[in-house]
1. In segment 141-158, is there at least one residue being modelled with pLDDT of 95 or more, closer than 19 Å to GLN115 by Cβ, away from ligand 1 (no atom under 16 Å from the Cβ) and in contact with a helix residue (DSSP H, G or I) (Cβ under 7 Å, 6 or more places away or on another chain)?
2. For segment 75-88, what are the residues that are over 21 Å from the mean Cα position of the chain (by Cα) and within 16 Å of ligand 1 (Cβ to nearest atom)?
3. Pick from segment 106-135 the residues that are within 11 Å of ligand 1 (Cβ to nearest atom) and charged (D, E, K, R): which of them is surrounded by the fewest Cβ atoms within 10 Å (Cβ to Cβ)?
4. For residues in segment 95-105 being in contact with a strand residue (DSSP E or B) (Cβ under 7 Å, 6 or more places away or on another chain) and in a loop (DSSP other than H, G, I, E, B), which is nearest to ligand 1 (Cβ to nearest atom)?
5. With the condition kept exactly as written, say whether any residue in segment 158-167 is among the basic types (Lys, Arg) and touching a residue at least 60 places away in the same chain (Cβ under 8 Å).
6. Which of the helices (runs of 4 or more DSSP H) found entirely inside segment 106-216 contain at least 2 residues meeting this: within 13 Å of ligand 2 (Cβ to nearest atom)?
7. For segment 252-259, indicate whether the set of residues that are of a type outside the set (D, E, K, R), in contact with a strand residue (DSSP E or B) (Cβ under 9 Å, 6 or more places away or on another chain), at pLDDT 90 or above and assigned to a loop (DSSP other than H, G, I, E, B) is non-empty.
8. Which members of segment 295-313 meet the condition of being surrounded by 19 or more Cβ atoms within 10 Å (Cβ to Cβ) and either under 10 Å from PHE89 (Cβ atoms) or more than 16 Å from ligand 2 (Cβ to nearest atom) (or both)?
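The values are calculated or read from the model by the stated rules, or taken from the named source; none is laboratory data. Predicted model, so just to flag it, every value in this text is computed and none were measured. All Cβ positions, glycine included, derive from the backbone under ideal geometry; neighbour counts span all protein chains shown.
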Amino acid sequence: MAEKTLEDIPGVGPAIAEKLREAGYTEIMAIAVAAPSDLAETCEIGEKKAQDIIEGAKLCADIGGFETGDAIMQRRAAVTKLTTGSDSFNQLIGGGIESQSITELFGEFGSCKTQVCFQLAVNATLPEDRGGLDSDVIIIDTENTFRPERIIQMCNYLGVDPEATLKRIHIARAFNSQHQVLLVDKAMDLAKEIKVRLLIVDSLTSHFRAEFLGRGSLAERQQILNRHMHDLLNFATLNNAAIVVTNQVAAKPDAFFGDPTRPIGGHVVGHTATFRIYLRKGKAGKRIARLIDSPNMPEGEAVFSVTEDGIKD
Ligand code: GTP
Ligand code: MG
């Protein structure tokens, strides 16, 4: 099947397509989720025209974008714990990342939130007797940071087939917060066909933070974020899946939080996530995980390391 181009959008000829591309709208999805006023301004077209183009793009756009993988035999579902790859990290959270709940990894840039996600994605594909879920994985990637090379390195260390593992990891790139929310519906559809017991959203909050600026938009942002969290929780319940979301801490005080070490998303994220884990850099390449606000585990810390082979003690 041929890839659709911008010219396939009704009302878009070569001239407008060129304007769109020049303005950075190189993909149909990016146009489908654009704001009419932005499109009108950056492409120097009327707002009505922009609206028509966006409507056309929505019809053309394929909201999906998950890579296809082999269907996985259904296995009996049970509440399980997914290994992080580090015994001390596992102990901190009561044995591993729990299914049927949301685990939030928060920390500043470079604190290895994404690395932990990669390791969990690989581990989830392992058999249960190796601490895995014998399951496919869905990653909603908002920052374009998925790196197959890292997955391959981790697979090689674990002695599992990298190619087969990659086939079980389904990545969708979320263009903005709205798209991110819609992708959870798509994930739900995919989980009807194949066993998906780990869903990762990396990062949960980056689009929200970028799009909803200033105090005036706080209520709307929190409302959408709240719905998103509940969609995720629903996915967790229906599929006996573990949900892992990442969240940056504000590097400098922003409009919402004066405290620079507070995670983005405030109470909405905090109250819906069952486990909140704060990651930070330690000495000599070590990383420290701190459990915050767990309903059934004491607060505490674990030290782990991130190496080429992945997450280890
Ligand atoms: P943001 O998404 O920017 O908020 O950061 P993050 O918390 O997701 O950080 P990420 O997981 O991207 O961590 C990046 C860090 O992981 C790097 O600074 C390295 O220290 C470490 N890292 C990544 N790849 C490797 C690797 O192959 N070997 C080793 N030893 N470390 C690695
Ligand atoms: Mg990251």
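1. There is no residue in segment 141-158 that is modelled with pLDDT of 95 or more, closer than 19 Å to GLN115 by Cβ, away from ligand 1 (no atom under 16 Å from the Cβ) and in contact with a helix residue (DSSP H, G or I) (Cβ under 7 Å, 6 or more places away or on another chain).
2. Within segment 75-88, just SER86 meets the criteria.
3. The qualifying residue surrounded by the fewest Cβ atoms within 10 Å (Cβ to Cβ) is GLU108.
4. GLY96
5. yes
6. Because the criterion is at least 2 residues that are within 13 Å of ligand 2 (Cβ to nearest atom), the helices (runs of 4 or more DSSP H) in segment 106-216 that meet it are 113-124.
7. No: zero hits.
8. Passing the criteria: ALA302, PHE304, ILE311.
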